[in-house]
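All remarks here apply to the structure that follows.
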């Protein structure tokens, strides 16, 4: 029986170590926070970062690429994170941007596609933004490429917490020679609106004006 107990104990320890390595990462931005479970982020994206302006969460992948010298290939990676808007502020959209470079030695094409979905965690209302690059076909030199678009708040029922899902695909289809495309930047700029300025009721506004006029009259009599 002792060997069985030892095996079970070792298995339990391995599970505990595995759970200890995984964890929830939280980034506090300008009027919002982003949190994600490391286990749900594709390793191709690496760790999320926050811009100096505190309004953009971004990733700098180093190995997200599609490379082939023969049959067409594609590489896919996914992201999932939670976006929470600070109390008093409202969600105004996400500016998505992605960029990288590509190379074709003897013709053919490469390209990139992306799907960004935002879901209101309370009402489950969802909006999807689909993007695709044109066929990229410059030959003989490393060439930059980019995707950019705005996912607006329309249709999301004024969310305070959103579940964000992002799927990304790179594909390479050279006619001959080598085809290569890579992504080196994926960013999400979170747009928020400040609390609405409170406007005094007409009766309150009249009291304020009356008080100011009375104070001015007293001051003039003293002079």
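We did not get these values from a lab; they are worked out from the coordinates using the rules stated. Predicted model only: the values in this text are computed from it and were never measured. In this analysis, Cβ positions are derived from the backbone assuming ideal geometry, glycine residues included, and neighbour counts consider all displayed protein chains.
Using the count of nearby Cβ atoms within 10 Å as a rough guide to exposure, how do 73, 24 rank from fewest to most?
Working: 73 17, 24 12.
Exposure proxy ranking, most exposed first: 24, 73.
Measure out, as a whole number of angstrom, how far apart the alpha-carbon centroids of region 57-93 and region 129-166 sit.
Region 57-93 and region 129-166 have Cα centres separated by 9 Å.
Return the distance in nm (one decimal) between the two label points of a simple spin-label model at residue 184 and residue 115, each offset 7 Å from Cα along Cα→Cβ.
2.9 nm
Once you put a point 7 Å from the Cα of residue 82 and another 7 Å from the Cα of residue 50, both along the Cβ direction, what distance in nm separates them?
1.7 nm
Order these by the 10 Å Cβ neighbour count, fewest first: 30, 55. Could you put the intermediate results ahead of the total?
On the way: 30 14, 55 17.
Neighbour counts put them in this order, fewest first: 30, 55.
What is the fewest-to-most order of 193, 124 by other Cβ atoms lying within 10 Å of their Cβ? Present the calculation step by step, with values, prior to reporting the outcome.
Working: 193 14, 124 9.
Ascending number of Cβ neighbours within 10 Å: 124, 193.
With a point put 7 Å past each Cα toward its Cβ, work out how far residue 58 is from residue 24 in nm, to one decimal.
2.7 nm
So how much slack lies between residue 106 and residue 157, counting 0.36 nm per residue of separation and subtracting their Cα-Cα distance, in nm?
In short, 13.4 nm is gained.
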